[in-house]
1. Which residues in region 83-109 place their backbone N less than 16 Å from a point set 7 Å from the Cα of residue 225 along the Cα-to-Cβ direction?
2. With respect to the cross-link table entries 117/224; 224/255; 224/253; 32/253; 117/191; 174/255, which display a Cα-Cα separation exceeding 27 Å?
3. Assuming 0.36 nm per residue, please report the length gained on full extension of the stretch residue 250 to residue 63 beyond their Cα-Cα distance.
4. Given the C-alpha centroids of region 201-257 and region 116-146, what is the distance between them in whole angstrom?
5. Express in nm, to one decimal, how much length is gained between residue 164 and residue 152 on full extension, taking 0.36 nm for each residue of separation and deducting their alpha carbon distance.
6. Counting C-alpha atoms alone, how compact is the chain: give Rg to one decimal and Dmax as a whole number, in angstrom.
7. Once neighbouring chains are kept in place and the probe is 1.4 Å, which whole percent of the accessible area of the chain is contributed by carbon and sulfur?
8. Find the accessible area per residue for the chain; the probe is 1.4 Å, ligands and nucleic acids are left out, and the unit is Å².
Amino acid sequence: MVTGVNETAVADHYTVDGLETLILDALKLSGKLDALSPIDLAPVDEFHMGGRAATQHVIGMMNLPGNAYVLDVGCGLGGVARYLASECGCRAAGIDLTAEYVRVGTMLTERTGLADKVDLQVGSALDLPWPEATFDAAVTFHVAMNIADRPRLYAEVARVLRPEGTFAIYDVLKGPHDGLLFPLPWAETEKTSFLVTAGEMRDLLDNAGFDIIHEEDRREIALKHHRDRLAAQSAAGGPPRLGLHLLQGQTAKVKSHNMVTMLEAHQITLTAIIARRRA
Ligand SMILES: C[S@@+](CC[C@H](N)C(=O)[O-])C[C@H]1O[C@@H](n2cnc3c(N)ncnc32)[C@H](O)[C@@H]1O
């Protein structure tokens, strides 16, 4: 259930009218629509810095067994959940505040033939609709920056994970230098942006009952990925038809520019964490 002013504002921020048509038209023009595979969707359904390469890297560090049941918290269009199913053989459940993402993501799951392995639903990360110890593992990619109540977020993930279950986090953190520029890909203003530092993140996970088994700064890698993408676009004469610009409306360029400027200025950074729920 989506509750509260903040959650409504977050869902409004991400809602794009006509998203299904935008994505299907771009796929059709690229000749991909008739035999769609999950990788074809990666330019638009991996809404985090570093895209598919970051997903491969972070999920790769989890060492998931093929039959694992994995929760994707804040799944967006479901790119990471479909990756877990198609590349790792897992069953995946995704939950997201933004009903339009879940609707379009479910259509994409059906079109890629993964409906028996991936289930996306609308709801809040702060009120997960599963009993305790349901999942073998959980992931969350670029979601928590919208969530003020971090203790409740990580307590909810710990509750639905089995003891010793693995939790992978790929998130934007507050950097050592002050200052935020808006709009950003995740928020129009500071009203729906709630970043924490790396130290605060460690304490939050510890307090929720997680041991961190690996942590790495992904800032440099994400910046390189961004520069490579710009160079490829410039060589190709413009952005590809299918891309994250479809999710970000008129201000897509300025949002992306602000995020990269803040990464370069160390006002934000990116972290990948693999944690384990204590038994
Ligand atoms: C930048 S997108 C990332 C989507 C996806 N994880 C990915 O990497 O492609 C952030 C997503 O977090 C979702 N979100 C933010 N706050 C949430 C909450 N409290 N509960 C569930 N989803 C939330 C948004 O609706 C949005 O789809």
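The values are calculated or read from the model by the stated rules, or taken from the named source; none is laboratory data. Being a predicted model, the structure only gives us computed values, none of them experimental. In this analysis, Cβ positions are derived from the backbone assuming ideal geometry, glycine residues included, and neighbour counts consider all displayed protein chains. Protein only, heavy atoms only, side chains kept; ligands, DNA and RNA dropped before computing areas. Shrake-Rupley method; radii C 1.70, N 1.55, O 1.52, S 1.80 Å.
1. 83-84
2. Details: 117/224 33 Å; 224/255 18 Å; 224/253 18 Å; 32/253 25 Å; 117/191 36 Å; 174/255 17 Å.
Over 27 Å apart, Cα to Cα: 117/224; 117/191.
3. Numbers: separation 187, 0.36 × 187 = 67.32 nm, distance 3.94 nm.
Value of the extension gain: 63.4 nm.
4. Result: 21 Å between the Cα centres.
5. Details: separation 12, 0.36 × 12 = 4.32 nm, distance 1.93 nm.
Result: 2.4 nm gained on full extension.
6. 17.6, 53
7. Details: 6410 of 12200 Å².
With neighbouring chains kept in place, the figure for the chain is 52 percent.
8. Details: 12200 Å² over 279 residues.
I get 44 Å² per residue for the chain.
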